[in-house]
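Structure first, commentary second.
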Amino acid sequence: MKYRRLGKSGLKVSEIALGSWLTYGTVTEREQAIACVRKAYELGINHFDCANVYGAKPHAAEEVMREALSPFPRESYVITTKAFWPVGQGPNDRGLSRKHIVEQVHQSLKALGVEYIDIFYFHRYDAETDLEESLRAVDDLITQGKILYAGFSEWPADKIAEGVRLQRELGLHKFAASQPIYNMFERYIEAAVVPICETAGIGQVVFSPLAQGVLTGKYRKGQPAPAGSRLATPGVNQFMRVTDEVLDKVEQLARIAQEAGLSLAQLALAWTLRLPNVASALIGASRPEQVEENAKASGVTLTDDVLSRIEQVLAN
Ligand code: NDP
């Protein structure tokens, strides 16, 4: 496993990170979830992602992660969590107010069984709360040692710029991490988010790099989704639109992968990691074998020829 610096921070994270959304604390059996996390750790993955809302109830995925990581020394892994989405019906059970952030960080620390969270993310931008209030709340938590680094997820470029400017003006701790979606079919960050983050020293931790499993080649045109797969699981958030056009491209990409001696999943992950601003490709996994296959994408450099053939497929 290779490691990269998260933006200009001193933190080193594994090129492949493992997340818990839609899997741990929900559809993936507890033992299986623990096996995935421990397999990842064994393969050198040191970066594990949670959010307060992941799992069947608030903090459920964090509790699974706590058990999975319990045999390992705290200093050897990076654990992240987030707040923003509703965790209850109360007026302060959501958003980025100082109250909600502090409350959720305390609950996450308890669920994860740790004394500090390595990276805390604002899960989305909160238009209802003054940005300075949210930034100061996290800054205080950093000063108290409860959080080490701050980040945001899926913020519009102008809000990132505003946050960076405010942190500079107010002398607050700077953002270290950005967590956006990024894969061959979802590339909006390339134009605006990456340039701002590069300038500000913020690293990308990109989620759904396999387009929720579509970029593994497991879904095929005219065939039902394999039993037990995400797309075959009712009630699971499948935001990827798996059209025939997408599946045609997947087939062509699978041929490029095969010729490059890689699985399609490995090609797709190495493709996201071609950008130096990407620190980790943040995968999900429902089985340890998936972690094993995906981890092998670390350290793979795609040739110019392979990269341009991928561009041709994606452009058509
Ligand atoms: P991926 O694109 O990596 O999809 C993961 C899913 O693809 C797995 O659960 C598995 O599903 C399938 N898969 C993975 N590897 C393989 C393989 N080698 N062969 C076959 N199938 C495979 O990422 P996710 O969409 O799961 O997101 C990853 C993480 O990113 C989340 O856990 C979360 O931590 C974070 N995230 C953050 C968001 C945010 O708003 N900040 C939003 C979404 C995710 P299955 O076996 O069930 O088919």
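The values are calculated or read from the model by the stated rules, or taken from the named source; none is laboratory data. Quick caveat, the model's predicted, so the values are computed rather than measured. Neighbour counts are summed over all protein chains in view; Cβ atoms, including those assigned to glycine, are modelled from backbone coordinates with ideal geometry.
Among the residues of the stretch 80-135, which ones are basic (Lys, Arg), crowded, with 22+ Cβ neighbours inside 10 Å and farther than 20 Å from ALA17 by Cα? Full working, then the answer.
From the stretch 80-135, those basic (Lys, Arg) are 82, 94, 98-99, 110, 124; that's our starting set.
When the remaining residues are screened for being crowded, with 22+ Cβ neighbours inside 10 Å, the result is 82.
Within the stretch 80-135, none qualify.
Residues that are surrounded by 15 or more Cβ atoms within 10 Å (Cβ to Cβ) and modelled with pLDDT under 90: does the stretch 242-250 have at least one?
Keep residues of the stretch 242-250 that are surrounded by 15 or more Cβ atoms within 10 Å (Cβ to Cβ), which gives 242, 246-247, 249-250.
In the following step, the residues that additionally are modelled with pLDDT under 90 were identified as 242.
Yes, the stretch 242-250 contains at least one residue that is surrounded by 15 or more Cβ atoms within 10 Å (Cβ to Cβ) and modelled with pLDDT under 90.
Can you work out which of the residues in the stretch 273-305 that are of a type outside the set (A, V, I, L, M, F, W, C) and surrounded by 23 or more Cβ atoms within 10 Å (Cβ to Cβ) is nearest to the ligand (Cβ to nearest atom)? Show your work before the answer.
Of all residues in the stretch 273-305, those of a type outside the set (A, V, I, L, M, F, W, C) come to 274, 276-277, 280, 284, 286-290, 292-294, 296, 298-299, 301, 303-305.
Adding the requirement that they be surrounded by 23 or more Cβ atoms within 10 Å (Cβ to Cβ) leaves 280, 284, 294.
Numbers: SER280: 10, GLY284: 2, ASN294: 5 Å.
Residue satisfying both the conditions and the ranking: GLY284.
Looking for something without any contact (Cβ under 8 Å) to a residue 40 or more places away in the chain, within 30 Å of VAL242 (Cβ to Cβ) and crowded, with 21+ Cβ neighbours inside 10 Å - is there at least one such residue anywhere in the stretch 182-196?
Checking the stretch 182-196: at least one residue is without any contact (Cβ under 8 Å) to a residue 40 or more places away in the chain, within 30 Å of VAL242 (Cβ to Cβ) and crowded, with 21+ Cβ neighbours inside 10 Å.
Okay, residues lined up against (1) at positive phi; (2) in contact (Cβ under 8 Å) with a residue 40 or more places away in the chain:
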{"residue": "GLY7", "(1), (2)": "yes, yes"}
{"residue": "TRP21", "(1), (2)": "no, yes"}
{"residue": "GLU29", "(1), (2)": "no, no"}
{"residue": "ALA40", "(1), (2)": "no, yes"}
{"residue": "ASP49", "(1), (2)": "no, yes"}
{"residue": "ASN52", "(1), (2)": "no, yes"}
{"residue": "PRO58", "(1), (2)": "no, yes"}
{"residue": "ALA61", "(1), (2)": "no, yes"}
{"residue": "SER76", "(1), (2)": "no, no"}
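Considering only the stretch 190-212, I want to know if a residue exists there that is within 12 Å of the ligand (Cβ to nearest atom), over 22 Å from VAL300 (Cα atoms), of a type in the set (D, E, K, R) and touching a Gly at 6+ places or on another chain (Cβ under 9 Å). Full working, then the answer.
Start the filter on the stretch 190-212 by keeping residues that are within 12 Å of the ligand (Cβ to nearest atom), which leaves 204-212.
Then keep just the ones that are over 22 Å from VAL300 (Cα atoms); that gives none.
Looking through the stretch 190-212, none of the residues is within 12 Å of the ligand (Cβ to nearest atom), over 22 Å from VAL300 (Cα atoms), of a type in the set (D, E, K, R) and touching a Gly at 6+ places or on another chain (Cβ under 9 Å).
Would you check if there is a residue in the stretch 255-262 being under 18 Å from TYR182 (Cα atoms) and crowded, with 16+ Cβ neighbours inside 10 Å? Please lay out each step first, then the result.
The first filter runs over the stretch 255-262 and keeps only residues under 18 Å from TYR182 (Cα atoms), leaving none.
There is no residue in the stretch 255-262 that is under 18 Å from TYR182 (Cα atoms) and crowded, with 16+ Cβ neighbours inside 10 Å.
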